[in-house]
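Reading through the structure tokens given below for one structure.
The values are calculated or read from the model by the stated rules, or taken from the named source; none is laboratory data. Just so you know, these numbers come straight off a predicted model, no measurement behind them. Glycine also receives a Cβ, built like all others from the backbone with ideal geometry; neighbour counts cover every protein chain displayed.
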Amino acid sequence: MLTIGRLFFHKALPFVQIHTSWPGGVLSFVLVVALLCAALTEYIGIHSIFGAFIAGVAMGDSHHLRERTRDNIHQFITNIFAPIFFASIGLGVNFVEGFNLWLVLLVLGIALVGKIGGCYFGARAAGMQVRERWAVGFGMAAQGAMGIILGQLALNQGLITEPLFVAIVIMALFTSLLSGPAMERCMQREIKHTLGSYLPERNVIAKLAAVETRYAIKEMAELAGVNTKLPAETIDDAVWRREQIMHTGLPHGIAVPHARLANLEKPVVLMARSIKGVDFDAPDGEKARIILMLLTPLNDATAQIELLSLVAQVFDDPETRQRVRSANTATEMVAAISLAESHLGEHGSSPRIPETEEA
């Protein structure tokens, strides 16, 4: 499945896209394959979700699967299949009779201490700062559906009792709910800069010549090389490799290609305006007409998140996006950013942001 199957899906997806309507055809194809693989693993004695998981890995690698299609699949799974899965777990077990408070606390304590403590010391060994260590620990503490599935398999085989399974389910749900807020709390810090402070006029391209993603990144990397005194090829390679891992297109015609560089001393932001638009595979399918390249030092794990938050705050306003798109010069583009940030300051925009580790 992960070798021949992956190649088959990569070849089959364009055929499905051509001969069926979007997004129904691709969605149906993906779900049918996932259900068939789930049925196969269930038949051979393995939980059905493992088959669906392997199918997702095999199909998810294909670049023919657009980000907008991925988002539709994610919404479908999250809002339909996930509730059905948890309901099926609840139908098979009496949670009221099987609930044992002390057992729940014991399982929860072991899970939290083991995961958070282990990841904390692992992050410490990797040289991360204290806040980042705790964030990694809480991020890895979430057990989620996989913990429930393993518990279900153990219950079916008679390896654990029903009260222990109930404790495992509660632990999995609790750790999953705890993970996000705890990481946000760990990584909060005051933002002391504005986007404009990182964006001098010399870092702005008023009219981007490139119309393809690869060449747009290359054109901006050449300007970055001139202004940072770093080799343009190094910047281009780092940003492009990051783009291939996960596309950086955002809704409303924004793209944020980014990378962390070893020899960069401080964060650098470049902005370009594209008249025709560049396809960065945004979730809404819209081409990017405002492109911000974010370059941060390799040893500063939080700078990139701060910059992404600043971009989100500034370009959340439709008027700001329109001002930047209609600007004719670099000066006008930077002025639009400064105006937007002055309005944010007047309206008391939240200065605190959640931070997570970024590739």
Notebook entry, point to check: When only residues in the range 142-159 that are modelled with pLDDT under 80 and small (Gly, Ala, Ser) count, which is nearest to residue 115 (Cα to Cα)?
Noted result: 142
Notebook entry, point to check: If a residue has to be touching a Pro at 6+ places or on another chain (Cβ under 7 Å) and part of a helix (DSSP H, G or I) to count, how many in the range 100-151 make the cut?
Noted result: 1
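This table checks each residue for (1) at pLDDT 90 or above; (2) over 24 Å from residue 341 (Cα atoms).
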site: 253; (1), (2): yes, no
site: 278; (1), (2): yes, yes
site: 289; (1), (2): yes, no
site: 302; (1), (2): no, no
site: 313; (1), (2): no, no
Next item on the list: Kindly provide the set of residues from the range 105-132 that are more than 19 Å from residue 149 (Cβ to Cβ), buried (at least 16 other Cβ atoms within 10 Å of the Cβ) and modelled with pLDDT of 85 or more, ordered by number.
Entry: 112, 116, 119, 120
Next item on the list: Can you work out which of the residues in the range 234-284 that are of a type in the set (A, V, I, L, M, F, W, C) and surrounded by fewer than 16 Cβ atoms within 10 Å (Cβ to Cβ) is nearest to residue 295 (Cα to Cα)?
Entry: 262
Next item on the list: Output the number of residues of the range 258-296 satisfying the condition of being out of contact with any Lys or Arg (no Cβ under 7 Å at 6 or more places or on another chain) and within 22 Å of residue 234 (Cβ to Cβ).
Entry: 19
Check: Could we say that residue 320 is within 25 Å of residue 210 (Cα to Cα) and either in contact with a strand residue (DSSP E or B) (Cβ under 7 Å, 6 or more places away or on another chain) or touching a residue at least 40 places away in the same chain (Cβ under 8 Å) (or both) here?
Finding: no
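Table: residues versus (1) part of a helix (DSSP H, G or I); (2) surrounded by fewer than 16 Cβ atoms within 10 Å (Cβ to Cβ); (3) not β-branched (Val, Ile, Thr).
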| site | (1), (2), (3) |
| --- | --- |
| 5 | yes, no, yes |
| 18 | yes, yes, no |
| 30 | yes, no, no |
| 46 | no, yes, no |
| 50 | yes, no, yes |
Next item on the list: Give the residue that is nearest to residue 57 (Cα to Cα), with candidates limited to residues of the range 21-38 that are touching a residue at least 40 places away in the same chain (Cβ under 8 Å) and not β-branched (Val, Ile, Thr).
Entry: 31
Notebook entry, point to check: Is one or more of the residues making up the range 152-161 crowded, with 18+ Cβ neighbours inside 10 Å, of a type outside the set (D, E, K, R) and assigned to a helix (DSSP H, G or I)?
Noted result: yes
